[in-house]
1. Can you tell me which residue within region 1-10, out of those that are in a helix (DSSP H, G or I) and not β-branched (Val, Ile, Thr), is farthest from the chain's Cα centre (by Cα)?
2. Tell me, please, whether a residue that is buried (at least 17 other Cβ atoms within 10 Å of the Cβ) and hydroxyl-bearing (Ser, Thr, Tyr) can be found in region 5-13.
3. Considering each of 69, 92 in turn, give the residue that is among the hydroxyl-bearing types (Ser, Thr, Tyr) and under 30 Å from residue 6 (Cβ atoms).
4. I'm checking my understanding of the structure. Among residues of region 59-82 that are within 14 Å of residue 11 (Cα to Cα) and in a helix (DSSP H, G or I), which one is farthest from the chain's Cα centre (by Cα)?
5. Is it true that some residue in region 11-31 is over 14 Å from the mean Cα position of the chain (by Cα), part of a helix (DSSP H, G or I) and acidic (Asp, Glu)?
6. Can we say residue 28 is touching a residue at least 24 places away in the same chain (Cβ under 8 Å) and among the hydrophobic types (A, V, I, L, M, F, W, C)?
7. Is there a residue being in contact with a Leu (Cβ under 7 Å, 6 or more places away or on another chain), more than 21 Å from residue 111 (Cα to Cα), free of Cβ contacts under 8 Å to residues at least 24 places away in the same chain and not acidic (Asp, Glu) anywhere in region 50-73?
8. Identify, from the list 94, 36, the residue that is assigned to a loop (DSSP other than H, G, I, E, B) and either of a type in the set (Ser, Thr, Tyr) or modelled with pLDDT of 95 or more (or both).
Amino acid sequence: MTGRTWFGYLARIVLTFGFWASGLAKLIDFQAGMAEMAHFGLEPAAAFNIAVIITQIGGSALIIMNRWTWLGAGALAVFTLLTIPIAHNFWTMEEPFRTMEFHVAMEHITVIGGLMVVAWKTSP
């Protein structure tokens, strides 16, 4: 493989790190993943945990393998967008949590933008 090819793989691994690491953690400690789902009011927690694991690991794998990248990037972007009103609803919080969660939400929007670029640049 050329340096450019290796750089592409490394970039896709790094871009998706937060997703596949989270998905693996939820898979390895399924009970903790279910507790996280229940904490955010997502019931049945087991079904939501399975869906999140599939989305995070599956979407990451598609991007890393550079196969159906648009689908993986789209799935992770929609997932990331949905976490804002579910887990980072800063508009319902008091300070200092309001500001902290606002910044997390803005970072999520930035990640969505990065995923959009990946989908755009790898589309046929």
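The values are calculated or read from the model by the stated rules, or taken from the named source; none is laboratory data. This is a predicted model, so every value here is computed, not measured. Here the Cβ is made from the backbone with ideal geometry for all residues, glycine too, and neighbour counts use every protein chain on show.
1. Step one: filter region 1-10 for residues in a helix (DSSP H, G or I), giving 3-10.
Now drop any that are not not β-branched (Val, Ile, Thr), which leaves 3-4, 6-10.
Details: 3: 27, 4: 25, 6: 23, 7: 21, 8: 19, 9: 18, 10: 17 Å.
Here the residue is 3.
2. Here is the first cut: in region 5-13, the ones buried (at least 17 other Cβ atoms within 10 Å of the Cβ) are 12.
Then keep just the ones that are hydroxyl-bearing (Ser, Thr, Tyr); that gives none.
Looking for residues that are buried (at least 17 other Cβ atoms within 10 Å of the Cβ) and hydroxyl-bearing (Ser, Thr, Tyr), one finds none in region 5-13, hence no.
3. Numbers: 92 fails: under 30 Å from residue 6 (Cβ atoms).
Unique residue meeting the criteria: 69.
4. Narrowing region 59-82 to residues within 14 Å of residue 11 (Cα to Cα): 60-66, 69, 73.
In the following step, the residues that additionally are in a helix (DSSP H, G or I) were identified as 60-65, 69, 73.
On the way: 60: 8, 61: 12, 62: 13, 63: 12, 64: 14, 65: 17, 69: 14, 73: 9 Å.
Among those that are within 14 Å of residue 11 (Cα to Cα) and in a helix (DSSP H, G or I), it is 65.
5. no
6. Numbers: touching a residue at least 24 places away in the same chain (Cβ under 8 Å): no; among the hydrophobic types (A, V, I, L, M, F, W, C): yes.
When the stated conditions are applied, residue 28 does not pass them.
7. No, region 50-73 contains no residue that is in contact with a Leu (Cβ under 7 Å, 6 or more places away or on another chain), more than 21 Å from residue 111 (Cα to Cα), free of Cβ contacts under 8 Å to residues at least 24 places away in the same chain and not acidic (Asp, Glu).
8. Numbers: 36 fails: assigned to a loop (DSSP other than H, G, I, E, B).
94 is the lone residue from the list that is assigned to a loop (DSSP other than H, G, I, E, B) and either of a type in the set (Ser, Thr, Tyr) or modelled with pLDDT of 95 or more (or both).
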